[in-house]
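This report refers to the structure that appears directly beneath it.
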Amino acid sequence: MANLNLDYLATFRLVVSRGSFSGAAEALSLSQPAVSLQIRQLEQALQVRLIERTSRGVRPTPAGLTLVEHSMKIDAVVSTAVESVCLHSDEITGTVTVGTGATACIHLLPPLLQQLRQAHPLLKVDVRTGNTSDIVRGVEENRIDIGLVTLPAAGKNLNIIPQGTDEFVVIMEKDASEQSAKIWTPGALLPLPLIIFEPGSGTRALIDQWFRETGHIACPVMELGSIEAIKRMVRAGLGYSIVPRMSVACIEERSGLDLYSVTPSLHRTLGAVMREDRIVSRGINEVLKSLNSSFAKNEII
């Protein structure tokens with residue numbers, strides 16, 4: 001009887017979903033030869049070819065397709081077994097992987113994680129950052145338990161739980177604008193130098209849509225992946241930006257900046273994204289409860 005390595009099964013599923021060894025290696029932070037070796041050892045254990053190379057990449061053989069189906073069931077059974085055993089302990093243990101964007105990671109998660117550590121010292125929460133599409137893919141591939149992303153989020157077999165809304169505001173260098181009484185519409189902002197999130201993020205998509213709905217196209221002078229980098233550029237007088245209010249909620253976070261509302265108003269909805277077949281462990285449930293509490297306390301909802 002073949003001994004199946006659960007880590008190798010997870011790698012195999014990732015190779016299939018990404019359609020390449022290099023894509024799986026990147027997602028796992030492994031070298032491509034290491035991924036190839038795991039698949040080769042899995043094939044040797046089962047004595048059957050699981051992956052075949054084509055001109056468009058790799059794809060599973062018929063045996064590989066069968067293994068994909070069964071490996072997902074195996075993963076679910078293992079998760080159930082671990083959770084059932086953990087129920088015999090009064091302590092909430094295990095690891096929960098949360099994926100989110102940089103803004104929520106910086107401005108929402110730290111107090112949440114601090115409270116979780118104090119309440120459940122044996123519960124480990126790993127955090128991954130990326131744009132919405134990266135996080136959703138991680139959820140689909142079982143590398144992320146909970147994704148906290150800007151909605152809408154498109155994916156296969158996802159359970160999406162809206163958490164709350166966050167208003168967008170214009171930020172400018174403090175006291176630099178002589179037009180503070182002006183109503184900041186897309187048309188009024190268009191001539192000014194815009195510093196904005198890089199393409200691919202849900203936040204960027206919403207801002208672009210806000211301009212388009214009034215017949216304008218935003219032409220940024222800078223596209224950055226970090227909210228803190230954007231704020232530094234604005235403080236230096238290099239342009240303005242449109243950012244989630246969450247990122248400038250505290251006095252120290254909006255130091256050197258002036259804030260203005262936009263017309264028409266612009267909001268984003270943040271949601272927790274999980275696989276539909278994800279077994280909600282005690283740890284995952286505690287993280288979800290903490291997210292709900294954090295949104296309520298910050299009055300983002």
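The values are calculated or read from the model by the stated rules, or taken from the named source; none is laboratory data. The structure presented is a predicted model; accordingly, all values stated were derived computationally and were not measured. A quick note on method: Cβ atoms are made from the backbone with ideal geometry, for glycine too, and the neighbour counts reach across all protein chains shown. Keep in mind that these areas ignore ligands, DNA and RNA; they rest on the heavy atoms of the full protein, side chains included. Shrake-Rupley method; radii C 1.70, N 1.55, O 1.52, S 1.80 Å.
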Among the residues of the range 265-280 satisfying the criterion of being open to solvent by 30 Å² or more (accessible area, probe 1.4 Å) and touching a residue at least 24 places away in the same chain (Cβ under 8 Å), which is nearest to V82 (Cα to Cα)?
I279
Hits in the range 1-20 - residues which are under 18 Å from V48 (Cβ atoms) and in contact (Cβ under 8 Å) with a residue 24 or more places away in the chain
A2, N3, L4, N5, Y8, L9, T11, F12, R13, V15, V16
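A quick yes/no check of all residues on (1) in contact (Cβ under 8 Å) with a residue 12 or more places away in the chain; (2) under 18 Å from S265 (Cβ atoms); (3) not hydroxyl-bearing (S, T, Y):
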| site | (1), (2), (3) |
| --- | --- |
| I171 | yes, yes, yes |
| K174 | yes, no, yes |
| P193 | yes, no, yes |
| S201 | yes, no, no |
| I207 | yes, yes, yes |
| W210 | yes, yes, yes |
| T214 | yes, yes, no |
| C219 | yes, no, yes |
| M222 | yes, no, yes |
Yes or no: R235 out of contact with any Asp or Glu (no Cβ under 9 Å at 6 or more places or on another chain) and open to solvent by 70 Å² or more (accessible area, probe 1.4 Å)?
no
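Matching residues to (1) assigned to a strand (DSSP E or B); (2) open to solvent by less than 50 Å² (accessible area, probe 1.4 Å); (3) in contact (Cβ under 8 Å) with a residue 60 or more places away in the chain:
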position	(1), (2), (3)
A27	no, yes, yes
A34	no, yes, no
I39	no, yes, no
L65	no, no, no
E69	no, no, no
E91	no, no, no
T97	yes, yes, no
Residues in the range 99-127 that are within 18 Å of F197 (Cβ to Cβ) and open to solvent by 60 Å² or more (accessible area, probe 1.4 Å) total 1
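Please go through the range 41-50 and pick out each residue that is at negative phi and either out of contact with any Asp or Glu (no Cβ under 8 Å at 6 or more places or on another chain) or crowded, with 20+ Cβ neighbours inside 10 Å (or both).
Q41, L42, E43, Q44, A45, L46, V48, L50
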Residues that are open to solvent by 20 Å² or more (accessible area, probe 1.4 Å) and polar (S, T, N, Q): list the strands (runs of 3 or more DSSP E) wholly contained in the range 139-211 that include at least 1 such residues.
158-173
Test: T61 is farther than 29 Å from T132 by Cβ, open to solvent by less than 50 Å² (accessible area, probe 1.4 Å), out of contact with any Phe, Trp or Tyr (no Cβ under 7 Å at 6 or more places or on another chain) and at pLDDT 85 or above
yes
